[in-house]
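Reviewing the structure listed below.
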Protein chains: 2
Amino acid sequence: MKFRLLASATESRARIGELSTGHGLVQTPAFLPVGTRGTVKGVFPRDLLDLGASMILCNTYHLLLRPGIDLLRSLGGLHRFLGWPGAILTDSGGYQVFSLSSLRSIDDRGVAFRSHLDGKLLFLSPELAVEFQSIAGSDLAMSLDECPPWPASSSELDQAVRRTVLWAARGKETWRRLRESCSGLPTPEAGLFAIVQGGGSAKLRGLCAEELGAIGFDGFAIGGVSVGEPVEEGLRAVAETVVHLDPGRPRYVMGVGEPWQIVEMVNLGVDLFDCVLPTRLARHGVAYTERGRLSLRNASFRLDTEPLSAECGCYTCRHFHRAYLRHLLKSEEILGVMLLTLHNLYFYLCLMRGIRRALETGRWDPFLAEQRRRRKEYKEGS
Amino acid sequence: MKFRLLASATESRARIGELSTGHGLVQTPAFLPVGTRGTVKGVFPRDLLDLGASMILCNTYHLLLRPGIDLLRSLGGLHRFLGWPGAILTDSGGYQVFSLSSLRSIDDRGVAFRSHLDGKLLFLSPELAVEFQSIAGSDLAMSLDECPPWPASSSELDQAVRRTVLWAARGKETWRRLRESCSGLPTPEAGLFAIVQGGGSAKLRGLCAEELGAIGFDGFAIGGVSVGEPVEEGLRAVAETVVHLDPGRPRYVMGVGEPWQIVEMVNLGVDLFDCVLPTRLARHGVAYTERGRLSLRNASFRLDTEPLSAECGCYTCRHFHRAYLRHLLKSEEILGVMLLTLHNLYFYLCLMRGIRRALETGRWDPFLAEQRRRRKEYKEGS
């Protein structure tokens, strides 16, 4: 994996760049649609490509449970399994082990947990996490980390940072060892990121980032954001972490977020984002627009023959009106979810193009100001 | 609506033709995907067009309940509501009133019934059925009929035929009256069909067909088929009805059916078909192939990296293998249903193209023989 910086804003750390992977170029800042269980819910891979998605995220935890590592190996890896020609970033599995599974016991060796599907006892170590992602053929793999809850005591944070660094080092060692083996995986183009933890402590964040930087990784994720903390605190944690990261490496904030959060974090120097919001909210009948969210099940849309957004050029907005979308959602018709999913992903990917264009043309400051003005307006309007 | 016969088989009544509607040409024999509640379940309208669907069916009963006639009128009719540029055939609502609603009381005026959604008391008359379809902007409307159950007593059949003819006459009168009004609906291009009933009685079928023919309609549907009778009996009823129908008008068998039944009924001279099978079976994880059905949830597909069908050129078969489709279905992922729906509709529409090509090139007899041979083989093989 190679990362090339193309331009930066003058008044902030915002920047554009280009990630070259074994499965194509990814223009950054980039938003990665989330394919939890081997599919970005409700959308054809060909439509993802048409929307301009160049990289998706797959969850190691979910794929570990089903189809499982043996099946994935037999089937020739994730790209072939999913029929997805673009790049794939995999998470380490750690976050889901902590949030979804039961009966976790954790020590320096790794985490023992029970599958939330069938209660089967499983074990994840930093070595296994990297090995699994490698076999899956991930273009961008993550080291196993320990994500402390929010809020956490300072001893919990200390412990999480210590273990995250320890595990990252062991993950990197596994990565190196696999590369030297004859398996062919990970490929020379694949990249390994480490994840910075430290909760709300600027000191611990800095320490964690410096130690991971010293070990050396292809890029860095900022973890423990969007785990329940106030949003302003999440932004502060990102800002305090970024200053300790190598500017020549890509930075990734996991699980974030709302469009405005993405804009703010780009402004702090973040390059990669993923979030379930556009696809999840679509399943709940909610559409993103330039003027805020629309909850399509509302009776107010019964006779509304406007598209979701008059400014939007997506398939949904070009062909269908709100009254029909409401009818589909009220009738529990799958097409309603399909159309909203397309629209919401288009909205996110279009926002990212807008961000990149603003940076490219040296217009980041007015772009940011406009985004902030709109956000204020629609918050006050709704 | 105009119907033009293009060619016929020499040894049977099979034929090809062309229906010109206010929303494009429909090459017959044609299969109509079913859009029960204003959507062909699980498929984008653009993909339906790409698959070669030129006409879909919408169910009057379902649309009468939701969104309802007032809303549909305000929203400018079905085509605009659905964002569907092709032709739309609407059924009369009668069949669903009998099969889905409760508390039906029927007399010559019409049917009183309770909505299966909210228990609301509703009334459907032959006049209202035609008026609703007209307001909906249907390209091909159906007269209200009484579909007797199977089996039915001969007095039940007598009654159903008498009422079906009576109602068809009143439906046609309404159609004529509406056309002379200033509403602009039905348009001059729209067509009205009558439905032939008569159960398993060749005599009653003949009587019904003759009487409806004397009233005069744009085409004729053959009802009361696929309502629980043995399939051979359904085929016999179709054969015995067709001989009484004007060869210059299109013939439509409602709710049929399996691919082999369609082939056999084309052989009997039928031009139009609709059926929920390809979309419904997709939701149950079943795919049609040239070698019979595949039930994708079966464990035997766990490691199967073959496409659903090696001969199939659909998007699903070009990009995804059985193991992945099985994974999606087992994970209850919407994409599994979307991909199988595309494939099954492709299979049906491809079969119709094969049928038309065989007729066009004077190769109907060998085509039919090959279809029958295959059917025998896969029945014996499975």
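The values are calculated or read from the model by the stated rules, or taken from the named source; none is laboratory data. Source: prediction; values computed, not measured. FYI the Cβ positions are ideal-geometry reconstructions off the backbone, even for glycines, and counts take in every protein chain you see. Note: areas computed on protein heavy atoms with side chains; ligands, DNA, RNA excluded. Shrake-Rupley method; radii C 1.70, N 1.55, O 1.52, S 1.80 Å.
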- Task: For the stretch B:272-285, enumerate the residues that are open to solvent by less than 30 Å² (accessible area, probe 1.4 Å) and assigned to a helix (DSSP H, G or I).
- Result: B:278, B:279, B:281, B:282
- Give A:176, A:162 a once-over and let me know the one that is free of Cβ contacts under 8 Å to residues at least 40 places away in the same chain and under 19 Å from residue A:245 (Cα atoms). A:162
- Given the residues B:335, B:308, B:328, which is the only one that is open to solvent by less than 10 Å² (accessible area, probe 1.4 Å), in a loop (DSSP other than H, G, I, E, B), within 30 Å of residue A:280 (Cα to Cα) and within 14 Å of chain A (Cβ to nearest Cβ)? B:308
- Message: Looking at the stretch B:77-102 only, could you name the residues that are within 14 Å of chain A (Cβ to nearest Cβ) and touching a His at 6+ places or on another chain (Cβ under 6 Å)?
- Response: B:83, B:86
- Query: Any residue in the stretch A:315-322 that is in a helix (DSSP H, G or I) and either of a type in the set (A, V, I, L, M) or away from chain B (no Cβ under 12 Å) (or both)?
  - Reply: no
- Item | Flag for residue A:35 being within 14 Å of another protein chain (Cβ to nearest Cβ) and open to solvent by less than 10 Å² (accessible area, probe 1.4 Å) | yes
- Message: Can you report the number of residues in the stretch B:94-149 which are closer than 19 Å to residue B:38 by Cα and either in contact with a Leu (Cβ under 7 Å, 6 or more places away or on another chain) or buried (at least 24 other Cβ atoms within 10 Å of the Cβ) (or both)?
- Response: 19
- Hey, among A:49, A:65, A:5, which residue is surrounded by fewer than 23 Cβ atoms within 10 Å (Cβ to Cβ) and within 14 Å of residue B:327 (Cβ to Cβ)? A:65
- Within the stretch A:204-215, is even one residue open to solvent by 40 Å² or more (accessible area, probe 1.4 Å), of a type in the set (Val, Ile, Thr), assigned by TED's automatic domain parsing to the domain that holds residue A:72 and touching a residue at least 40 places away in the same chain (Cβ under 8 Å)? yes
- Wholly within the stretch B:149-268, helices (runs of 4 or more DSSP H) carrying at least 1 residues that are modelled with pLDDT under 95: B:154-180, B:231-242
- Is there a residue being touching a Lys or Arg at 6+ places or on another chain (Cβ under 7 Å) and small (Gly, Ala, Ser) anywhere in the stretch A:297-308? no
- Query: Scanning for something under 28 Å from residue B:174 (Cβ atoms), within 12 Å of chain A (Cβ to nearest Cβ) and either modelled with pLDDT under 95 or open to solvent by 40 Å² or more (accessible area, probe 1.4 Å) (or both), does the stretch B:13-26 turn up at least one residue?
  - Reply: no
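Residue by residue, here is whether (1) of a type in the set (Ser, Thr, Tyr); (2) under 30 Å from residue B:80 (Cβ atoms); (3) under 28 Å from the mean Cα position of the chain (by Cα) holds:
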| site | (1), (2), (3) |
| --- | --- |
| A:273 | no, no, yes |
| A:283 | no, yes, yes |
| A:291 | no, yes, yes |
| A:315 | yes, yes, yes |
| A:336 | no, yes, yes |
| A:360 | no, no, yes |
| A:375 | no, no, yes |
- Set A:349, A:340: member being in a helix (DSSP H, G or I), closer than 24 Å to residue B:72 by Cα and of a type in the set (A, V, I, L, M): A:340
- Quick one: is residue A:12 among the polar types (S, T, N, Q), touching a residue at least 60 places away in the same chain (Cβ under 8 Å), farther than 29 Å from residue A:111 by Cα and assigned to a loop (DSSP other than H, G, I, E, B)? yes
- Would it be correct to say that residue A:269 is under 25 Å from the mean Cα position of the chain (by Cα), more than 12 Å from chain B (Cβ to nearest Cβ), surrounded by fewer than 22 Cβ atoms within 10 Å (Cβ to Cβ) and small (Gly, Ala, Ser)? yes
- When residues of the stretch B:150-174 are limited to those that are surrounded by 18 or more Cβ atoms within 10 Å (Cβ to Cβ) and not aliphatic (A, V, I, L, M), the one nearest to residue B:198 (Cα to Cα): B:164
- Query: Taking the stretch A:40-76 as the search range and keeping residues that are more than 12 Å from every other protein chain (Cβ to nearest Cβ) and at pLDDT 95 or above, which one is nearest to residue A:118 (Cα to Cα)?
  - Reply: A:58
- Unique match (being surrounded by fewer than 23 Cβ atoms within 10 Å (Cβ to Cβ), outside the structural domain of residue A:11 (by TED's automatic domain parsing), more than 26 Å from residue B:41 (Cα to Cα) and not acidic (Asp, Glu)) among A:318, A:363: A:363
- Query: What about residue B:18, is it part of a strand (DSSP E or B) and either out of contact with any Lys or Arg (no Cβ under 7 Å at 6 or more places or on another chain) or more than 24 Å from residue B:258 (Cβ to Cβ) (or both)?
  - Reply: yes
- If you check residue A:246 against the conditions, is it open to solvent by 60 Å² or more (accessible area, probe 1.4 Å) and either acidic (Asp, Glu) or closer than 30 Å to residue A:209 by Cβ (or both)? yes
